[in-house]
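Below is one structure; the comments refer to it alone.
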Amino acid sequence: MDDTQLIARVRAGDSAAERALYDAHVDRVYRLAFRLAGDDTLAQDFTQETFIRAFDRLGSFRGDAAFSTWLHAITTSVVLNGLRKVKRFRQREADIDDAHGIGVTRRDAEPDLKVRLKKAVDELPEGYRTVFVMHDVEGYTHEEIGVALGVETGTSKAQLSRARAKLRVALSDFAREWVT
Amino acid sequence: MIDQHEDPRFEQWLKDAAKSYHTPLPTPREKMWARITAERQRRHVIEIRPWMRWALAAAAVLVIGIGIGRWTAHQPAAVNAPVVASADNARSDVAYQVAAQQYLARTEVLLTDFRAQSGRGQLDPQFIAAARDLLTTTRLMLDSPAANDPRLQPLLEDLELVLAQISQLPRESGRKNEMDLINQGLNQRSVLTRLRTASPAIPAGSTPVRTQGVS
């Protein structure tokens, strides 16, 4: 049974169809939430909220785009809004830590690629990071990203290009790995 | 604008390296599904329908109106008392009028809906909760200057009785008989008819409130 048929059954009150729709899409939603949040608890919270909103708003889904595209638009909205709240909360905590002189020591010369890459990606502006994660890490197309983020396809491409440029500079210590 | 110094080797290397970025754990689908269904049930129980929101808003406006009315009633006379009192009274009247109009409209909707639902012998638990909210508002109305209106007071008293009856309907058995009795009371006292004609009778003395549009 495809998404269109499942959605029709969900609208008719079929709870088994709700579960089937969830099963068909939860992996990708959770993966994206996890990639963007970097935290299992947050990823679960965001996934949960995404499906609650999706089921509540299914009546407004007109089918102009694929259900997965619509669902990922909800996912990115939930995740990005949620992360902004988390960031504000953590910033307040960091401010308190700084005030007490127990701030975390930075290690710019971290030799481990995985750690350096994580730091570099985390430090990208939100828009760049979202596009980079969706495209280069999770394999979304620019068209899908454009719909999910509500931006033009060209904007998505430009942001990815800028994200890569920043990462190239940040990871220049590892240049020999890609030039050989 | 696309960067002019794109390097396919770097892009491929970056894509490969980035697979390690926030590597997801296996999807805890059962755990999340259980949480989703539980949360949806919880939200459904406390969901406030649009007309209930209006009822709550009306109650809130009414409380504010009563507060303004009581506060202005207890203010000592000042040098320019007539002007100030006149302005305050006008504001107070407007608050009462808005609150009363909204309250009466929501009560009418609820009682009309009650008739429809009782005809089917079923009543949504949320409906009873809404009736309780309106009962509280009714009692506030009876305690306000709105009850001084000789046409409004008997109606408010009838509404208080009807809403109290609906609020106390049993959850399961014996509901149909009691609903029939409430409907009989509604008919005998022409409550809905009086409710529908009550709005124009609400306290005068202030500028009519325009709620939408521009003539």
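Selection of helices (runs of 4 or more DSSP H) fully inside the range A:127-180 by the criterion of at least 3 residues being crowded, with 19+ Cβ neighbours inside 10 Å returns A:142-149, A:153-170.
How about the range B:141-168: which of its residues are crowded, with 19+ Cβ neighbours inside 10 Å, out of contact with any Ser or Thr (no Cβ under 7 Å at 6 or more places or on another chain) and of a type in the set (A, V, I, L, M)? Passing the criteria: B:Met141, B:Ala146, B:Leu152, B:Leu155, B:Val162, B:Ile166.
In the range A:1-27, the qualifying residues are those that are surrounded by fewer than 19 Cβ atoms within 10 Å (Cβ to Cβ) and within 9 Å of chain B (Cβ to nearest Cβ), and the one that is farthest from A:Ser77 (Cα to Cα) is A:Ser15. In the condition set (1) within 19 Å of A:Val78 (Cα to Cα); (2) within 9 Å of another protein chain (Cβ to nearest Cβ); (3) surrounded by fewer than 21 Cβ atoms within 10 Å (Cβ to Cβ), A:Leu36 is compliant with all but (3). Of the residues A:Leu167, A:Leu124, the single one that is at the interface with another protein chain (Cβ under 9 Å from one of its Cβ atoms) and not basic (Lys, Arg) is A:Leu167. The set of residues from the range B:103-125 being at pLDDT 75 or above, surrounded by fewer than 21 Cβ atoms within 10 Å (Cβ to Cβ) and farther than 18 Å from B:Gly185 by Cβ comprises B:Ala105, B:Val109. From the list A:Thr47, A:Thr69, the lone residue that is within 25 Å of A:Val151 (Cβ to Cβ), within 14 Å of another protein chain (Cβ to nearest Cβ) and among the β-branched types (Val, Ile, Thr) is A:Thr47.
Restricting attention to the range A:136-166, the residues that are more than 13 Å from A:His72 (Cα to Cα) and within 11 Å of the chain's Cα centre (by Cα) add up to 1. Quick one: would you say A:Ala54 is of a type in the set (A, V, I, L, M) and over 14 Å from the mean Cα position of the chain (by Cα)? Considered against the rule, which asks whether it is of a type in the set (A, V, I, L, M) and over 14 Å from the mean Cα position of the chain (by Cα), A:Ala54 comes out as yes.
The values are calculated or read from the model by the stated rules, or taken from the named source; none is laboratory data. Note that the structure is a prediction, hence the values are computed from the model and not measured. Backbone-built Cβ (ideal geometry, glycine too); neighbour counts: all protein chains shown.
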